[in-house]
Amino acid sequence: MSNPLSMLFGKSPIKQLQEHMSLVTDCTAELSDFFQAAISGDWPRAEAHYDSICSLENQADDLKRELRLQMPKGLFMPVSRSDVLELITVQDNIANRARDIAGLMLGREMEIPAPIREEMCLLVEGAIAVTRQALRLINELNELVETGFADREVDLVEEQIHELDDKERSTDVLERTIRHKLFAVEKDYHPLDMMFLYDIIQKVGGLANRARRVGGRLQTLVAR
Amino acid sequence: MTLFAEYGQILIILACIFGFFMAWGVGANDVANAMGTSVGSKAITLKQAILIAMVFEFLGAYLAGGAVTATIRSGIIDAGAMVDMPHYLVYGMLSALLAAGIWLLIASVLGWPVSTTHSIVGAIVGFAAVGIGPEFVQWSKITHIVASWVVSPLVAGIISFALFRSVQYLILDTDDPFARAKRFIPIYMFLVGFLISMVTMVKGLTYVLSDSGITLGMGHAALLAILIGIITAVIGIYFLRRIQRNPEQEKHNRFYSVEKVFAILMVFTACCMAFAHGSNDVANAVGPLAAIVGVVKSGAVTNTTAMPSWILLLGGIGIVVGLGTYGFKVMATIGKKITELTPSRGFAAELGAASTVVLASATGIPVSTTHTLVGAVLGVGLARGIAALNLRVIGTIFTSWLITLPAGAGLAILFFFFFKGLFG
């Protein structure tokens, strides 16, 4: 039955943004176990983790496509449509990056040299922490709509964005330390391996960077 | 007239049947829209909604439905010019009831969005303009009514926008929304009680108490309305006291307990909405009936004869029966689709729509409750309170006007000539 009142309510994109971000966070979190397996040289176990990363990334992709299809032009929202669409792209890029890292490492069965192992694990955990903080931010969207984007709530979000930035900055520092340490020992290893290892370090740092961008997008979404 | 002496009884019985059928249709379709927001936000259960609707639709129809009924009965057609042909008015009103009722039935079966108000107004204008003559239609009044169809959703939108903004300022955007909610929500409850009783006393009761000769001065009415408003708020405070914080649920949603407080308020606004709906929409069914009874009983067209209150009673009962036999099903369907509306915004939309409709009722203007409610919800949306609203619905509303008005008119013209041929 076409009833104007029941037709009036569109499907909220916010719930889907949150579900998507939660998938992305799960996907990134798998990197932790993947790295443990890779460091101990247990490649079959690493492959299992890589598979679950890929499956989570695929699920996130499907959700992204679904959301895009469910955002007709006639939808009236408290946030701009293009902001929502960009936000989902930014979120999705995090998962893509996690899959790339695991894929490259698995494909080359890359070894992490002992001098940087500890810091490397810290860097991965750091990047995951930034993603978790981004998820916390996205979950704040509920309360933002609930209060009709009240100033107090917007301030709260701003605070959490600062926290996100701080967390990302600490991964930057870590990334530099690792590169420095690796530079000292790189001549002891095969040059090609080292080239790819630098690439991985940069990509993990980039993971945190992409998670940080969620905060930036949210800021433009909230401020109007 | 000999016609009325011969067929008077039959004509009145026919009118009662058609009027009751129409009232049944209002109860079966429209009430669901008025109550759907409350059910959808889970502030009240389906059973509670039916109970509230039955009581307050009836009260609204009986206590405050008089003014709009008078408009439908004698405000659209220039009855004064029809003294020579009272039987045409009877045929016309019969056809209008039948046309609107049948059109509503067809449209519901086919799933088209229609409005009871638009069907009946279209039908009356149709038979009068084509069957009798365009000069018998009070076009200025029609312009008024049609303009109100655009204005009423706008007004409702503005009121609910302001209401939600006040909620944001007073309750949601504060350190302790739960405590503030308990403190400020009785004010909104007072507004509900005041509004309903004021409209009832100033406008509605004149039609009910016209026989007894009791009249209330404006000052007395206002005082009494304030008193009733305070009583409403006190009842509300009693129920608010029983709401406790739920820290477990607040972990998932910080505003869980606050919404529980608003859910109590929504019980009150649901009553207000049902009352408003009853006061405006009962006229669609009993207005034509009142016209027919008036003409047949007195044998002439008069504007002055008082309307018997049993007519409003019949309409009220018809609405309740319609709700009980079919309307509850529609209500359940709509409630399932409106889940994005939490009590804190559902109440703002309902109170905005209900006050607009009740004021329209007081001034005797038939408006569409559903369209007014859509306007009110959009108002809350403009205050950034709802995650996603489908604006295409505005187009649907315009289309429903374009379809319903000619359809109601066409059917009414058809029936008018049929009755004219039958009774002469």
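The values are calculated or read from the model by the stated rules, or taken from the named source; none is laboratory data. All figures in this text were calculated on a predicted structure; none of them were measured in a lab. So basically every Cβ, Gly included, is an ideal-geometry build from the backbone, and we count neighbours across all protein chains shown. All accessible areas refer to the heavy atoms of the entire protein, side chains included, with ligands and DNA or RNA removed. Shrake-Rupley method; radii C 1.70, N 1.55, O 1.52, S 1.80 Å.
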Anything losing 20 Å² or more of accessible area from the isolated chain to the full protein assembly: pick those residues out of the range A:114-150, probe 1.4 Å, ligands and DNA/RNA ignored. A:GLU143, A:VAL145, A:GLU146, A:THR147, A:GLY148, A:PHE149, A:ALA150
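Using only the alpha carbon atoms of chain A, find the Kirkwood hydrodynamic radius as the inverse mean reciprocal pair distance, in angstroms to one decimal. Intermediate values should be presented prior to the final figure.
Values: mean 1/r = 0.0535 Å⁻¹.
So the Kirkwood estimate lands at 18.7 Å.
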What are the residues whose amide H is under 5 Å from the amide H of A:PHE9, where those residues sit 5 or more places off or on another chain and H is modelled from the backbone? B:ASN390
What do the square roots of 5 times the Cα gyration tensor eigenvalues come to for the range B:284-419, in whole Å, largest first, as semi-axes of the equivalent ellipsoid? 35, 19, 16
Once phi is turned into ³J(HN,Hα) by the Karplus curve 6.51 cos²θ - 1.76 cosθ + 1.60 with θ = phi - 60°, what whole-Hz value does each residue of the range A:53-68 show in order, with x for glycine and proline? 4, 4, 5, 5, 5, 5, 4, 4, 4, 4, 5, 4, 5, 4, 4, 4
Using mean Cβ contacts within 10 Å as the protection proxy, how do A:184-191, B:402-409, A:154-161, A:205-212 order, highest first? A:205-212, B:402-409, A:154-161, A:184-191
Measuring from the lowest to the highest alpha carbon on each principal axis, how far does the range B:212-285 reach, largest first, in angstroms? 59, 32, 15
Go ahead and run the numbers for FRET between B:TYR169 and A:ALA48, Cβ-Cβ distance against an R0 of 56 Å, rounding to 0.05. 0.55
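Relative contact order for chain B: what percent, with Cα pairs under 8 Å and sequence separation of 6 or more? Walk me through the numbers before you get to the answer.
Values: 766 pairs, mean separation 175.3, N = 424.
Worked out over chain B, it gives 41 percent.
Taking beta carbons within 10 Å but only from partner chains, what does the mean come to for residues B:375-384? Intermediate results must be reported in sequence, preceding the final value.
Numbers: counts 0, 0, 3, 2, 0, 1, 6, 3, 3, 10.
Whole-number average of other-chain Cβ neighbours for B:375-384 is 3.
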Using Cα centres only, tell me the gap between the range A:47-73 and the range B:353-412 in whole Å. 39
Relative to the isolated chain, which residues of the range A:151-182 have their accessible area cut by 20 Å² or more in the presence of all protein chains (1.4 Å probe, heavy atoms, no ligands or nucleic acids)? A:ARG152
With the crude spin-label approximation of a point 7 Å out along Cα→Cβ, what separation in nm comes out for B:ARG242 versus A:PHE196? 6.9
The range B:151-197 versus the range A:159-224: alpha-carbon centroid distance in Å: 48
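Let me spell out the model: positive unit charges on the Cβ of Lys and Arg, negative unit charges on the Cβ of Asp and Glu, origin at the Cα centre of chain B. What dipole size does that give, in debye rounded to 20?
Values: 23 positive and 16 negative charges, 236 e Å.
Value, rounded to 20: 1140 debye.
What longest region of chain B stays clear of trypsin sites (Lys or Arg not before Pro) that DSSP places outside H, G, I, E and B and that have at most 10 other Cβ atoms within 10 Å? Walk me through the numbers before you get to the answer.
On the way: sites that count: B:ARG242, B:LYS251.
The segment B:1-241 is the longest one with no such site.
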Does any residue of the range A:1-28 lose at least 20 Å² of accessible area with all protein chains in place compared with its chain alone, and if so which ones (probe 1.4 Å)? A:MET1, A:SER2, A:ASN3, A:PRO4, A:LEU5, A:SER6, A:MET7, A:LEU8, A:PHE9, A:GLY10, A:SER12
Among B:GLY424, B:ALA412, B:ALA263, whose Cα projects farthest towards the positive end of the dipole of chain B, with charges put on the beta-carbon of Lys, Arg (+1) and Asp, Glu (-1)? B:ALA263
A:ARG132 and B:TRP139 label points (each 7 Å along its Cα→Cβ direction) are spaced in nm at 7.4
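Rounded to a whole number, what % of the accessible area of the protein assembly as shown do carbon and sulfur atoms account for, probe 1.4 Å? List each step's numbers first, then the result.
Working: 16250 of 25900 Å².
Heavy-atom surface of the protein assembly as shown belonging to carbon and sulfur, 1.4 Å probe: 63 percent.
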Could you give each residue of the range B:401-417 its phi-based ³J(HN,Hα) in whole Hz, using Karplus coefficients 6.51, -1.76, 1.60 with θ = phi - 60°, and x for Gly or Pro? 5, 5, 7, 5, 4, x, 5, x, 4, x, 4, 4, 4, 4, 5, 4, 5
Could you give each residue of the range B:138-152 its phi-based ³J(HN,Hα) in whole Hz, using Karplus coefficients 6.51, -1.76, 1.60 with θ = phi - 60°, and x for Gly or Pro? 7, 4, 5, 5, 4, 4, 3, 5, 5, 4, 5, 5, 7, 6, 4
Residues of chain B: accessible area per residue with a 1.4 Å probe, Å²: 38
Might you tell me the accessible area per residue for the range A:12-223, computed with a 1.4 Å probe and given in Å²? 44
Calculate for the protein assembly as shown the 222 nm mean residue ellipticity that helices alone would give, adding -39,500 (n - 2.57) per DSSP H run of length 4 or more and normalising by residue count, nearest 500 deg cm²/dmol. -26500 deg cm²/dmol
Can you tell me the equivalent ellipsoid semi-axes for the protein assembly as shown? Use √(5λ) from the Cα gyration tensor, largest first, whole Å. 65, 26, 17
Simple SL model, points at 7 angstrom along Cα→Cβ for B:ASN253 and B:LYS420; separation in nm is 5.9
With every protein chain left in place, what is the accessible area of B:LEU359 in Å² (1.4 Å probe, nearest 10)? 100
Chains A and B together, accessible area buried on both sides, 1.4 angstrom probe, square angstrom: 3500
